[in-house]
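Right, one structure below, let's go through it.
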Amino acid sequence: MKTKNLLYILSFSVLLFACSSSSSDDLSNPDPDPIEKVTYKDNVKAIIDSNCLNCHGNPTNGPSNSLNTYDLVKNDVDKIIDRINRTGAGKMPPSGNLSNSAKALIQQWKDDGLLEE
């Protein structure tokens, strides 16, 4: 009886592993699409343009800290990251929070070396 039960368990185990959906390609290459580096032109500029430039465009009528060029955004990236991650006083944008994905893109841009293109 023990041998019969052991045989059932062993057969079931072999069947279970044989029905796995993983292939050798899945196991040998878990990340086939490497993440591209985040750049100002391709990723960050659109976030800044749509969320910041209403107030931080040309400094004629608004705050003096303009964010309308790559160099200005690059030079203020630490301040920008601080402000977009705040929850209380001084958070930006004041009208609402940036999405987590937008915040992550700006942080990744900094981590990738603040590439322009």
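Remark: the N100-N65 segment gains 10.2 nm on full extension, using 0.36 nm per residue and subtracting the alpha carbon distance. W109 sits among other residues whose Cβ lies under 13 Å from its own Cβ, and their net charge, with Lys and Arg +1 and Asp and Glu -1, is -2.
The range 40-111 gives an Rg/Rh value of 0.92, both radii derived from C-alpha positions and Rh following Kirkwood.
Given R0 = 35 Å, the distance between the Cβ atoms of D78 and N58 translates into a calculated FRET efficiency of 0.95.
A short reminder: the numbers here are calculations on the coordinates, not readings from a lab. It should be emphasised that the depicted structure is a prediction, and the values quoted were computed from it without experimental measurement. Using ideal geometry, Cβ is built from the backbone for each residue, glycine included, and neighbour counts are taken over all protein chains shown.
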